[in-house]
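Following: one structure in structure tokens, then a few remarks.
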Amino acid sequence: MADLTSNFLGIKSPNPFWLASAPPTDKEYNVRRAYEAGWGGVVWKTLGSEGPPVVNVNGPRYGAIYGADRRLLGLNNIELITDRPLQTNLEEITRVKKDYPDRALVVSIMVPCDEESWKAILPLVEETGADGIELNFGCPHGMAERGMGSAVGQVPEYIQMVTEWCKKYYSKPVIVKLTPNITDIRNPARAAKAGGADAVSLINTINSITSVDLDLMAPQPTIGGKGSHGGYCGPAVKPIAMNMVAEIARDPQTHGLPISGIGGVTTWRDAAEFMALGAGNVQVCTAAMTYGFKVVQEMISGLSQWMDEKGYTSVDQFVGMATPNVTDWQYLDLNYVTKAKIDQDACIKCGRCYIACEDTSHQAILMSEDRVFEVNDSECVACNLCVDVCPVENCITMVELPKGEVDPRTGQTRGDYANWTTHLNNPSAQAAE
Amino acid sequence: MTTPMTPGIVSGRLAADEISRNFDDLHAPYDAHEARVAADRCYFCHDAPCMTACPTSIDIPLFIRQIQTGTPEAAAKTILTQNILGGMCARVCPTETLCEEVCVREVAEGKPVTIGRLQRYATDTLMARQGHPFARAEATGKTVAVVGAGPAGLACAHRLAMKGHSVTLFEGRPKAGGLNEYGIASYKSTDDFAAREVAWLLEIGGITVETGKTLGDGLSLDGLKTDYDAVFLGVGLGGVNALRIDGEEAATAAVDFIAELRQSDDLTMLPVGRNVVVIGGGMTAVDAAVQSKLLGAESVTIAYRRSRDEMPASTFEQGLAAAKGVRLLFNVMPVAIGDGAITLEYTATQNGKLAGTGETMSLPADQVFKAIGQTLTTDGGLVIEDGKIAVTDTGRTSATGVWAGGDCASGGEDLTVTAVAEGRDAAEDIHAVLMGV
Ligand SMILES: Cc1cc2nc3c(=O)[nH]c(=O)nc-3n(C[C@H](O)[C@H](O)[C@H](O)COP(=O)(O)OP(=O)(O)OC[C@H]3O[C@@H](n4cnc5c(N)ncnc54)[C@H](O)[C@@H]3O)c2cc1C
Ligand SMILES: Cc1cc2nc3c(=O)[nH]c(=O)nc-3n(C[C@H](O)[C@H](O)[C@H](O)COP(=O)(O)O)c2cc1C
Ligand code: SF4
Ligand code: SF4
Ligand code: SF4
């Protein structure tokens, strides 16, 4: 079995699976259960300043999107940071860290955007013996209305400033958790780096309305006839989160900055994908909230089986391996030609590829009287839609046209690598000549 | 106390609660969640094979998608537009040889989308929550006589009424419904569904039902032709084939036994033999055998003269019979009944013809049912083809102004869904002729 030991910013954990700051890490009771179940680390539910704690709504705080058989695909919440006294949390953190020295314990913090507030809380957190802190600049609801959370995370200057304070008043690693509710994720990441952050973690939740109650005419979850936008997470957000991780990993200004990948991690494969794109570890919230802490067992066994199969002996060996293959569209090889091919033995004759191509693509699939479906290479643009809609895995595949052969659609011989930057139709390419 | 072992033909072999369990729904209805999960398996095929296989051409992918999106009433309308007895068909269609047989998921994985059960979910929901979903067109002033209130007659009458014609539905029996009411196995149509469906269908208006009126006994085809603008015959097959063996008088027609069973309001009072033998190999044979067993007969045997492969009852029906404890005997034919036993002779195919081998065996039998096919008893003097009223694609008979459909008419399998399709299509043709469109 592969060694899953993870070393993120010098913080060691038996595996790279951490629980993200959220209800699963809200108190000692949960965190002890999580460690017992096998989680490598936790980021404690976000702490606020000393004083009366925040309050949560007393009506429903989650909404959901489902796939087949009520499989939860997306979760939305309007919960705030911890609603328990700071002192209680700090005592619990101290106790737990003492009892589980081999597990990672990072404390998430969100206090008002002034130096005094940070200066006040950081020594208290330092005293707990926790391994590091995570700055919650992401929470998109409630706290943002009070000038915290994503209200800070959306202003790069603030990120840099607060990170600097943290580095000044706290000795251990500082992770800056980013909000995805921003147009270009690279800017806050650059600001965090400039402020001296040891790492960024992303994504926090995405502003969302999951559904509308058509009888009440109100968004859900509905509190007394009204609803508020909430933060979206779970499997549905994974593609968005992965792109943001990759953007930071391949940005020359932030390349090499450690990343903790978050957003929809549900299985070992999700984790491996995030890590291949450059995340040093992953954090999980919704999967644990859906299935309980035991899900980590599958993540552990799956990742180690895959690593064994691939011959990886440590998790660091594949971190970032896919990053160099994420590029800009303009550098894609326009001479790379494929054609869809249907495996007639696997085809169950549902006709979905046909109607998708016929109605919405390039009329490149032929249907015979007796329901035999075949690709017409002289129309197929290789868009992949048929592959995507076919219910049978690997029934339609994209077959590469070897170099030197003629593409029956264009009548042109496939040539060597050439991209848009030098393409005839590209006005700037011509201008450059 | 009477038990399955009590000799002779007696009632009350099983306790009331056991009987009521035995005759419960063959497939429990889906609840909303089960229906959505089942619906999610449908691929929404293009030019769907299931739809082609349905004799009434229901848009199956569409109605399943409507279930999936939480609108079962809209799904029911999709179904009922094509098949007004979609509720009964959902219960009785041999889906394993129709829509579900060709479902791409049956072909691919041997596990079809459960179209029949989904159809039931949709139609049950609509019937429970809404009134009749269709409205009549403006009255045309045309009148049509429909003879026989089985699936064919009901479907024809409904479509005609919807088009604004005024329909009189003549039925020889005391109740409308045809074999839905008198023939279909009890566990396929529980809670008096047949009668409830007829009442619901008639809510369209414009249909007058006259029960106890028989063509050939009081009513004549010529009379109807004179009094009405058009006539539709959906009289089914009223007679049964004879065994032509010694002791035949001791055998009962399976359809009569089933009709009695269907009309009984206390099945503990219905007598059944200790040792029952059913002669035949179709749906009727299976239904008579299974229901005998469910009433408490100790041993029930189906004796079919050909091989298993040739048996008209589907593999599903055969499996159902076997699961209920019915013994299936193949390649045997009856030669004599008497003294509480039946003598069967083994058969073999020689030179392409089935013949007795001379070897015989005897089975105890205090009750013998014959289920070797039904025959046409009302032909109205029309041209007959292979024992049925000859009709065109749209149900036209040899007489102008007279249409026919369902079991009594040529073409198509003898199934409820086929009868509905033929009744509906004849109605469309009648409408076209009457309105000159
Ligand atoms: C025991 C049994 C089980 C079956 N099980 C199934 C099944 O599970 N699934 C399936 O799809 N099919 C099944 N069938 C076949 C199905 O019931 C028939 O195909 C279908 O009912 C035919 O409909 P129909 O309207 O043509 O005839 P019928 O249902 O027979 O209706 C004819 C009607 O006309 C009336 N009538 C007859 N003569 C006259 C007259 N002279 N004047 C006035 N009225 C008259 C009759 O009383 C009857 O009400 C079964 C049949 C039997 C016998
Ligand atoms: C109910 C709920 C409360 C959350 N509270 C916090 C929080 O207090 N601090 C924080 O940094 N993130 C919070 N998050 C965001 C998660 O830590 C995580 O970033 C997000 O859910 C994406 O991961 P996932 O797809 O695995 O759930 C919360 C998420 C949920 C569902
Ligand atoms: S979508 Fe796939 S299974 Fe369906 S017809 Fe096309 S190739 Fe065959
Ligand atoms: S009517 Fe019968 S054959 Fe047609 S779809 Fe419904 S169950 Fe299938
Ligand atoms: S064939 Fe099966 S999967 Fe395809 S539309 Fe019909 S029920 Fe759905």
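The values are calculated or read from the model by the stated rules, or taken from the named source; none is laboratory data. Just so it is clear, the model here is predicted, and its values are computed rather than measured. Cβ placement follows ideal geometry from the backbone for every residue including glycine, while neighbour counts extend to all protein chains displayed. In case anyone asks, the SASA skips ligands and DNA or RNA and just uses the protein heavy atoms, side chains included. Shrake-Rupley method; radii C 1.70, N 1.55, O 1.52, S 1.80 Å.
Scanning for something surrounded by fewer than 16 Cβ atoms within 10 Å (Cβ to Cβ) and either in contact with a strand residue (DSSP E or B) (Cβ under 7 Å, 6 or more places away or on another chain) or within 14 Å of chain B (Cβ to nearest Cβ) (or both), does region A:347-361 turn up at least one residue?
Within region A:347-361 (the criterion being surrounded by fewer than 16 Cβ atoms within 10 Å (Cβ to Cβ) and either in contact with a strand residue (DSSP E or B) (Cβ under 7 Å, 6 or more places away or on another chain) or within 14 Å of chain B (Cβ to nearest Cβ) (or both)), the answer is yes, since at least one residue qualifies.
With respect to the numbered conditions (1) part of a helix (DSSP H, G or I); (2) more than 13 Å from chain A (Cβ to nearest Cβ); (3) within 11 Å of ligand 4 (Cβ to nearest atom), which one is the sole condition not fulfilled by residue B:50?
Unmet for residue B:50, out of (1) part of a helix (DSSP H, G or I); (2) more than 13 Å from chain A (Cβ to nearest Cβ); (3) within 11 Å of ligand 4 (Cβ to nearest atom): (2).
Could you grab me the full set of residues in region B:114-140 that are among the hydroxyl-bearing types (Ser, Thr, Tyr) and farther than 21 Å from residue B:41 by Cα?
Residue satisfying the conditions is B:140 alone.
Restricting to region A:173-194, name every residue that is aliphatic (A, V, I, L, M) and either under 25 Å from residue A:54 (Cβ atoms) or in a loop (DSSP other than H, G, I, E, B) (or both).
A:174, A:175, A:176, A:178, A:182, A:185, A:192
Here is a list of conditions, (1) over 21 Å from residue A:394 (Cβ atoms); (2) open to solvent by 30 Å² or more (accessible area, probe 1.4 Å); (3) assigned by TED's automatic domain parsing to the domain that holds residue A:18, and residue A:370 meets all of them except one; can you say which number that is?
(3) is the only condition that residue A:370 fails.
Looking for whichever is over 19 Å from residue B:285 (Cβ atoms) and open to solvent by less than 30 Å² (accessible area, probe 1.4 Å) here; the options are B:321, B:355, B:341. Which one fits?
Criteria check complete, one pass: B:341.
Of the residues that sit in region A:373-400 and are among the aliphatic types (A, V, I, L, M) and more than 24 Å from residue B:41 (Cβ to Cβ), which one is farthest from ligand 2 (Cβ to nearest atom)?
Across region A:373-400, the extreme among qualifying residues is A:375.
Considering only residues that are among the aromatic types (Phe, Trp, Tyr) and under 25 Å from residue A:87 (Cβ atoms), which ones fall in region A:40-70? Please lay out each step first, then the result.
The initial filter retains those residues of region A:40-70 that are among the aromatic types (Phe, Trp, Tyr), namely A:44, A:62, A:66.
Answer for region A:40-70, where residues must be among the aromatic types (Phe, Trp, Tyr) and under 25 Å from residue A:87 (Cβ atoms): just A:44.
Residues that are over 25 Å from residue B:430 (Cβ atoms), away from ligand 2 (no atom under 16 Å from the Cβ) and aromatic (Phe, Trp, Tyr): does region B:160-176 have at least one?
No, region B:160-176 contains no residue that is over 25 Å from residue B:430 (Cβ atoms), away from ligand 2 (no atom under 16 Å from the Cβ) and aromatic (Phe, Trp, Tyr).
Kindly indicate whether residue A:197 is under 25 Å from the mean Cα position of the chain (by Cα), of a type outside the set (Phe, Trp, Tyr) and not in a loop (DSSP other than H, G, I, E, B).
Considered against the rule, which asks whether it is under 25 Å from the mean Cα position of the chain (by Cα), of a type outside the set (Phe, Trp, Tyr) and not in a loop (DSSP other than H, G, I, E, B), residue A:197 comes out as no.
Need at least 1 residues that are closer than 29 Å to residue B:232 by Cβ and in contact (Cβ under 8 Å) with a residue 24 or more places away in the chain per element, so show me which strands (runs of 3 or more DSSP E) inside region B:324-425 make the cut, counting only ones lying wholly within it. Break it down stepwise before answering.
Working: elements: B:327-329, B:332-338, B:341-350, B:353-364, B:367-371, B:402-404.
Qualifying strands (runs of 3 or more DSSP E): B:367-371, B:402-404.
Being more than 16 Å from ligand 4 (Cβ to nearest atom) and either open to solvent by less than 30 Å² (accessible area, probe 1.4 Å) or closer than 29 Å to residue B:306 by Cα (or both): is that true of residue B:395 here?
Yes: the conditions hold for residue B:395.
Please count how many residues of region A:10-24 are open to solvent by 20 Å² or more (accessible area, probe 1.4 Å) and under 15 Å from residue A:267 (Cα atoms).
0
Matching residues to (1) more than 16 Å from ligand 2 (Cβ to nearest atom); (2) over 30 Å from the mean Cα position of the chain (by Cα):
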{"position": "A:298", "(1), (2)": "no, no"}
{"position": "A:309", "(1), (2)": "yes, no"}
{"position": "A:312", "(1), (2)": "yes, no"}
{"position": "A:322", "(1), (2)": "yes, no"}
{"position": "A:335", "(1), (2)": "yes, yes"}
{"position": "A:349", "(1), (2)": "yes, yes"}
{"position": "A:357", "(1), (2)": "yes, yes"}
{"position": "A:370", "(1), (2)": "yes, yes"}
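Tell me, yes or no, whether region B:10-32 has at least one residue that is in a strand (DSSP E or B), more than 14 Å from every other protein chain (Cβ to nearest Cβ), open to solvent by 30 Å² or more (accessible area, probe 1.4 Å) and away from ligand 1 (no atom under 16 Å from the Cβ).
The answer is yes; a qualifying residue exists.
Identify, please: which residue in region B:53-75 is part of a helix (DSSP H, G or I) and without any contact (Cβ under 8 Å) to a residue 24 or more places away in the chain and is, among those, nearest to the other protein chains (Cβ to nearest Cβ)?
Taking region B:53-75 and keeping what is part of a helix (DSSP H, G or I), we get B:53, B:60-68, B:72-75.
Those still in the list that are without any contact (Cβ under 8 Å) to a residue 24 or more places away in the chain too: B:61-62, B:74.
Details: B:61: 10, B:62: 13, B:74: 15 Å.
Only one residue tops the list, namely B:61.
From the set of residues in region B:398-437 that are closer than 14 Å to residue B:152 by Cβ and hydroxyl-bearing (Ser, Thr, Tyr), which is surrounded by the fewest Cβ atoms within 10 Å (Cβ to Cβ)?
B:410
What number of residues within region A:309-340 satisfy the criterion of being open to solvent by 80 Å² or more (accessible area, probe 1.4 Å), in contact (Cβ under 8 Å) with a residue 24 or more places away in the chain and among the acidic types (Asp, Glu)?
Residues in region A:309-340 being open to solvent by 80 Å² or more (accessible area, probe 1.4 Å), in contact (Cβ under 8 Å) with a residue 24 or more places away in the chain and among the acidic types (Asp, Glu): 1 in total.
Would you check if residue B:107 is within 16 Å of ligand 3 (Cβ to nearest atom), over 22 Å from the mean Cα position of the chain (by Cα), open to solvent by less than 30 Å² (accessible area, probe 1.4 Å) and not assigned by TED's automatic domain parsing to the domain that holds residue B:228?
Answer is no for this residue.
For region B:306-318, how many residues meet the condition of being among the hydroxyl-bearing types (Ser, Thr, Tyr) and either open to solvent by less than 80 Å² (accessible area, probe 1.4 Å) or not assigned by TED's automatic domain parsing to the domain that holds residue B:295 (or both)?
2
Provide a single number: the residues in region A:362-380 that are more than 12 Å from every other protein chain (Cβ to nearest Cβ) and farther than 12 Å from residue A:408 by Cβ.
5
Out of the residues in region A:58-86 that are open to solvent by 50 Å² or more (accessible area, probe 1.4 Å) and among the hydrophobic types (A, V, I, L, M, F, W, C), which is farthest from ligand 2 (Cβ to nearest atom)?
A:68
So for region B:181-188 (the condition being within 15 Å of ligand 4 (Cβ to nearest atom), in contact (Cβ under 8 Å) with a residue 40 or more places away in the chain and open to solvent by less than 50 Å² (accessible area, probe 1.4 Å)), does at least one residue qualify?
Yes; the residues of region B:181-188 include at least one that is within 15 Å of ligand 4 (Cβ to nearest atom), in contact (Cβ under 8 Å) with a residue 40 or more places away in the chain and open to solvent by less than 50 Å² (accessible area, probe 1.4 Å).
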